[in-house]
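The values are calculated or read from the model by the stated rules, or taken from the named source; none is laboratory data. Bear in mind that the values here come from a model prediction, so they are computed numbers and not experimental data. So basically every Cβ, Gly included, is an ideal-geometry build from the backbone, and we count neighbours across all protein chains shown. Please note that ligands, DNA and RNA were not included when accessible areas were found on the heavy atoms of the full protein model with its side chains. Shrake-Rupley method; radii C 1.70, N 1.55, O 1.52, S 1.80 Å.
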Amino acid sequence: MILRRSSPEGDVLIIEFQTSDCSSRAEKVFYVNVALVLAPKWERDRLRYRLPESARPEHVHGLWRRRIGFSGFSGGDQWRVTDEASAVEVSALIRRRLDEILPVLLPAFDRDVLLGDPPDFLSYAGWMARGWVLAERGPSEELEKLLFSEPTTGEFSSVARKAIWEWATNRGSRDREGSR
């Protein structure tokens, strides 16, 4: 099951319940995944992978992805349901985690926040979020400085930099094609 909440700009917060291969007839095991998908990155991914315009983003398209565990963003916590009593207990705990986490995530729907000081939860992905929002506006000195002058971390940073810059610099040709 996938739940989505969208911003007016088209950004999407995704909560996904992913069944684990460890499930059996006696025990259902699953993860609760959460992701932030920014509209320009989603549009780029949709076009790149030739998905139809009607396609909706999924967890894998997230700029930022985590799992909700027993104590917040804990990583690989598996949720387990073995009977009706455990289903009630687990669903109440997941609801509490979502009530705690959603207010932390929602500021990422504010483009001014992403352009200023991205929320702490984005950690390594904060610069990418800022980059995608800037790229949506086209190439600029600010974007160029962010992508090529400021240090970033993560093994995919060079791939992300290239994708963001290409999206920004090719924006004009996409806009012209869309108006034909």
Output the qualifying pairs, or none if there are none: Cβ atoms under 7 angstrom, residues six or more apart or on different chains, first residue in the range 119-144 and farther than 28 Å from Arg66 by Cα and free of Cβ contacts under 8 Å to residues at least 12 places away in the same chain, second residue assigned to a helix (DSSP H, G or I) and not aromatic (Phe, Trp, Tyr).
-> Glu142/Leu134
Tell me, please, whether a residue that is loosely packed, with under 14 Cβ neighbours inside 10 Å and in contact with a strand residue (DSSP E or B) (Cβ under 7 Å, 6 or more places away or on another chain) can be found in the range 4-11.
-> yes
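Test Leu47 against the stated conditions and say whether it is of a type in the set (A, V, I, L, M, F, W, C) and surrounded by fewer than 19 Cβ atoms within 10 Å (Cβ to Cβ). Break it down stepwise before answering.
Working: of a type in the set (A, V, I, L, M, F, W, C): yes; surrounded by fewer than 19 Cβ atoms within 10 Å (Cβ to Cβ): yes.
Judged against the criteria, Leu47 is a match.
Which of the residues that make up the range 92-123 are more than 15 Å from the chain's Cα centre (by Cα) and at pLDDT below 90? Spell out the reasoning first.
We begin by selecting, within the range 92-123, every residue more than 15 Å from the chain's Cα centre (by Cα); these are 92-100, 103, 112-113, 115-117.
The answer is Asp117, and nothing else.
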Ser54 passes all but one of the listed conditions (1) farther than 23 Å from Glu16 by Cα; (2) part of a loop (DSSP other than H, G, I, E, B); the exception is number (1)
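What residue, among those in the range 12-27 that are of a type in the set (Gly, Ala, Ser) and within 18 Å of Arg67 (Cβ to Cβ), is most open to solvent (accessible area, probe 1.4 Å)? Reasoning before the result, please.
Taking the range 12-27 first, the residues of a type in the set (Gly, Ala, Ser) are 20, 23-24, 26.
So of that shortlist, the ones also within 18 Å of Arg67 (Cβ to Cβ) come out as 20, 23.
On the way: Ser20: 13, Ser23: 35 Å².
The selected residue is Ser23.
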Within the range 35-91, which residues are at pLDDT below 95, of a type in the set (A, V, I, L, M) and under 12 Å from the mean Cα position of the chain (by Cα)?
-> Val60, Leu63
Neighbours by Cβ (under 8 Å, 6+ apart or cross-chain): first from the range 1-27, among the basic types (Lys, Arg); second in a loop (DSSP other than H, G, I, E, B) = Arg4/Arg56; Arg4/Pro57
Residues in the range 149-166 that are open to solvent by less than 70 Å² (accessible area, probe 1.4 Å), at pLDDT 70 or above and polar (S, T, N, Q): how many?
-> 0
Going through (1) in contact with a Phe, Trp or Tyr (Cβ under 9 Å, 6 or more places away or on another chain); (2) in contact (Cβ under 8 Å) with a residue 12 or more places away in the chain; (3) outside any helix (DSSP H, G or I) one by one, Arg65 fails only at (1)
Take the range 96-121 and flag every residue that is in a loop (DSSP other than H, G, I, E, B) and open to solvent by 30 Å² or more (accessible area, probe 1.4 Å).
-> Asp110, Gly116, Asp117
